[in-house]
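Here's the structure we're looking at; comments come further down.
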Amino acid sequence: MSTYKEVNDYRIARPGIGLSLLGCVFLFCLIVASLLIGMLSKIISRPEAAVRIGTVVQDFMVFIIPAIATAMVASRLPARLLAVDRWPGWRPVIWTLLTMGISIPAMNVIIEWNQNLHLPASMAAFEEQMRAMEDAAAASTEMLLGGSGAGSIIVSVLIVGVLAGFSEELFFRGALQRLLGMASRNKHIAVWLTAFVFSAVHFQFFGFVPRMLLGAFFGYLLWWSGSLWLPVIAHVFNNSLVVISEYAQAGHGGSFDIDAVGTSSVILLVVSVVLTGCGIWTVKESLSARR
């Protein structure tokens, strides 16, 4: 389906106005959410409860409300604009989850490389500031995932996995990428620019590259399927795995470090890369067969 037809389907004459509206509502809701979260942190005595409630408030106000408000104002078919009115089918879902599973060794190497990346000496102050932000984000995440037992794991999966996965996909892929695709008339630009913004918004420089690659994968899933539910499921799956992995590791780390492994793990890495490429191709082909 061409961009021109998509514009007509969404009933949006000027996607640039939709992008401006999305940005304005996002900034307004961000300010309101920041004030509200600040008030809640003073009212709620338990820090971990305040972080969890604040995260829920943030996801709803910063991501869900701007996406839905923009779609309802800018389009006569808001569900079509956000791509929530189609189901991709179970076969693409299964292939997508399998592909993400076999990509874990390869992604862990990228994560490890990005975490150990050092900037030039002239940017030492900037690097120190970025690492301080990383430590603050890690502390916040640790508090968010605090507690033990099945109940705590379920709550963390619901907040970090389900809610964050859905809300971020609704905003970044459902609203931002769709509007960028119509404005630029180039879906590759829309996918990668959205992935860049998606990663940048997390303010974690030493996790920027793997998050951008993941965002691009989610973007192509939306493009190929025409359904937001496929990247939502993939995002929820990824975040939930992270949550469960954090609980399983109990703070002892566990990333895949290519410098500390033998030949067998290098072979595993190569196999992971090859199978991930095959998996992505299979997902695309399974979606193409449905259209």
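The values are calculated or read from the model by the stated rules, or taken from the named source; none is laboratory data. From a predicted model like this one, the values you see are computed outputs, not experimental measurements. Cβ sites come from the backbone with ideal geometry, for glycine too, and all protein chains shown count toward neighbours. For accessibility, only protein heavy atoms count, side chains too; no ligands or nucleic acids. Shrake-Rupley method; radii C 1.70, N 1.55, O 1.52, S 1.80 Å.
Observations
- Residue count, region 170-212 (criterion: open to solvent by less than 20 Å² (accessible area, probe 1.4 Å) and farther than 15 Å from PHE26 by Cβ): 9
Residues are listed down the side, and each one gets a yes or a no for (1) open to solvent by 90 Å² or more (accessible area, probe 1.4 Å); (2) aromatic (Phe, Trp, Tyr); (3) touching a Ser or Thr at 6+ places or on another chain (Cβ under 8 Å); (4) modelled with pLDDT of 90 or more:
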| residue | (1), (2), (3), (4) |
| --- | --- |
| THR3 | no, no, no, no |
| ARG11 | yes, no, yes, no |
| LEU21 | no, no, yes, yes |
| CYS29 | no, no, no, yes |
| VAL32 | no, no, no, yes |
| GLU48 | no, no, no, no |
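- Filter pass, ALA137 being touching a residue at least 60 places away in the same chain (Cβ under 8 Å), under 18 Å from the mean Cα position of the chain (by Cα), under 30 Å from CYS24 (Cα atoms) and surrounded by 16 or more Cβ atoms within 10 Å (Cβ to Cβ): no
A quick yes/no check of all residues on (1) assigned to a helix (DSSP H, G or I); (2) in contact with a strand residue (DSSP E or B) (Cβ under 9 Å, 6 or more places away or on another chain); (3) modelled with pLDDT of 90 or more:
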{"residue": "LEU119", "(1), (2), (3)": "no, no, no"}
{"residue": "ALA124", "(1), (2), (3)": "yes, no, no"}
{"residue": "MET130", "(1), (2), (3)": "yes, no, no"}
{"residue": "ASP135", "(1), (2), (3)": "yes, no, no"}
{"residue": "LEU170", "(1), (2), (3)": "yes, no, yes"}
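- Residue that is most open to solvent (accessible area, probe 1.4 Å) [pool: residues in region 63-91 that are of a type in the set (Lys, Arg) and part of a helix (DSSP H, G or I)]: ARG91
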